[in-house]
Amino acid sequence: MISFVNVTKRYPDGFEALKNVAFTIHSGELVLVAGHSGAGKSTMLKLIAAIERPTYGNILVSDQNVNALKKSMIPFLRRSLGLIFQDQKILYDRNVFANVMLPLQIRGFQNKTAAGRVRAALDKVGLLRKENAYPITLSGGEKQRLCIARAVVHRPSILIADEPTANLDVDYAQSIMEVFRSFHQVGVTVVIATHDTALLNDNRYRILTLNQGKLVV
Amino acid sequence: MKIWLSQHWQALNRALKQLTNTPLSSLLSIIVIGIAFSLPLGIYTMLGNLQAISSDTASTPQLSVFLKLKASQADIENVNSQLEEFPYIASFQFISKEIALQQLQQESNLNEVANNLPKNPLPDAFIINLQQILPDELENIRAVIKKWPEIEHVQVDTDWARRVDALLRLGQLAVLMLAVVLGLALIIVVFNTIRLQVLTKRDEIEVIKLIGATDSFIRRPFLYFGAIQGMAGAAAGWLLIALGIQAINESLVELAQLYETDFHLNYLSFYDSLSLLIFSALLGWLGARLSVAQYLSQIEPE
Ligand SMILES: Nc1ncnc2c1ncn2[C@@H]1O[C@H](COP(=O)(O)OP(=O)(O)OP(=O)(O)O)[C@@H](O)[C@H]1O
Ligand SMILES: [Mg+2]
């Protein structure tokens, strides 16, 4: 479960990216976050993972008050999440396999068990053939899949994706959405920020719409 | 426990990989540390050798005890028996005034003077070889013996013992000061290499921080790297000194044969070598720790 209680985020330069935002996402839900460019979607997702801290208000993630979290506990909050970043954050100095290995490495997994999990995650996003490829050689869609594989390899209960289908053609976007849907179906909470209109017209999902940092109801 | 061990093992692996990834710069900084360390290390080793030599000679000093001129045979026997019971004495030898005069007469340049003396002006004397003792105790012994009624004068050869002792102490102080300065140098060298590493690994650090790596996980390979670098540097310094000693010993062999002695320089002891390695590993660790603390906090995910 993810809850925002009257959250305001003001950046150091004084710009208010989120204004008094309140909502709750229940566990197991798949929710889309919509809004124009600069509406505050990424800011919202960053607040969930404590990458940014709110100026006012409270944020609850799986019954933890993120505000009250000590700095040393933040890594453990992030470990309970699967994060897909708008700017991807792929490491180009190592191959696909090593990139997906990272979340397991930081948890101290034994290499053997980890390798099995990495392959399972790559298989899930259809990237198993490319495990030895370097990210620079991947297509846009393949990079997005790599990010998804890295986000799910440690089997998080909450998946947070920032524009995972940006710059992809409709078919590619569809197949990536399929991957998210399959996680949703096994009970994972999924939050996706997007301005993909085709996706937003699909009325199966709840949509949180932001406009100038305010939640549109 | 198993996870903890494997995390440390992996961190060590990453540190070693880093070391072999940048062989030239790693080698250079190890050599720099090695050369810096070889200076105090060399002096320390020499001091150890000097101390060994001087304890053979300087700290087994002699006392010359001169009896009063009018001392009788009974007085001599009295002093003799007192010396026999005196502690700290390794051996002693009686030199009568007659023998002393003979010795004087044999010294060619004093021959004439000695031969023309109307009567023997020399006192009876005891030459005492003391056990190994501190210079202060030597002074005490002198004072005690001087109070005996039969004794005119006690002469101690403390000066040289004192001088050697003071010199050694000065040397030890110099080594200590050098070690402190060069320990600082080691910390700075490691600090700087770790700083460069942190900067070149910015992306990786940022990403793993974002996906939930703890600070200690991020720090660990750098700390291992610093410790390894410090230790390898010290080992390089040790090697330099060992080679130096070997070279000196080889040329000493001839000299020693000439003088029919078995004189050679000792290497740094096992215990000293071990503490050197441990100590420098700790310093390297400290340098890395300071560097990482400084530069990791600068890499916050934006
Ligand atoms: N670190 C920052 N400092 C100052 N202002 C920021 C910072 N990050 C974001 N902003 C501003 O906050 C507003 C919201 O940014 P945010 O990235 O949340 O938008 P977004 O909805 O994700 O947009 P997009 O769809 O383009 O990704 C923007 O106007 C942006 O300029
Ligand atoms: Mg955004």
- Query: Which ones in the stretch A:26-44 are near ligand 1 (Cβ under 8 Å from one of its atoms) and under 26 Å from A:MET73 (Cα atoms)?
  - Reply: A:GLY40, A:LYS41, A:SER42, A:THR43, A:MET44
- In the stretch B:14-31, what count of residues is obtained for those that are under 33 Å from the mean Cα position of the chain (by Cα) and surrounded by fewer than 18 Cβ atoms within 10 Å (Cβ to Cβ)? 4
- Note on the structure: Of (1) more than 28 Å from B:GLN10 (Cβ to Cβ); (2) within 16 Å of the chain's Cα centre (by Cα), B:LEU274 satisfies every one except (1)
- Task: For A:LEU200, state whether it is at pLDDT below 90 and within 16 Å of ligand 1 (Cβ to nearest atom).
- Result: yes
- Is it fair to say B:LEU282 is touching a residue at least 12 places away in the same chain (Cβ under 8 Å), outside any loop (DSSP other than H, G, I, E, B) and open to solvent by 90 Å² or more (accessible area, probe 1.4 Å)? yes
- Message: Being open to solvent by less than 50 Å² (accessible area, probe 1.4 Å) and within 16 Å of ligand 1 (Cβ to nearest atom) is the filter here; which residues of the stretch A:58-90 pass it?
- Response: A:ILE59, A:LEU83, A:ILE84, A:PHE85, A:GLN88, A:LYS89
- Message: What's the total number of residues in the stretch A:156-177 that are closer than 19 Å to A:LEU102 by Cβ and over 13 Å from the mean Cα position of the chain (by Cα)?
- Response: 0
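Evaluate the stretch B:221-235: report whether one residue or more is within 12 Å of another protein chain (Cβ to nearest Cβ) and buried (at least 22 other Cβ atoms within 10 Å of the Cβ).
Restricting attention to the stretch B:221-235, the residues satisfying the condition of being within 12 Å of another protein chain (Cβ to nearest Cβ) are B:221.
When the remaining residues are screened for being buried (at least 22 other Cβ atoms within 10 Å of the Cβ), the result is B:221.
Among the residues of the stretch B:221-235, at least one is within 12 Å of another protein chain (Cβ to nearest Cβ) and buried (at least 22 other Cβ atoms within 10 Å of the Cβ), which makes the answer yes.
The values are calculated or read from the model by the stated rules, or taken from the named source; none is laboratory data. Since the model is a prediction, treat every value here as computed from it, not as a measurement. Backbone-built Cβ (ideal geometry, glycine too); neighbour counts: all protein chains shown. Ligands, DNA and RNA are excluded from the accessible area calculation, which covers all protein heavy atoms including side chains. Shrake-Rupley method; radii C 1.70, N 1.55, O 1.52, S 1.80 Å.
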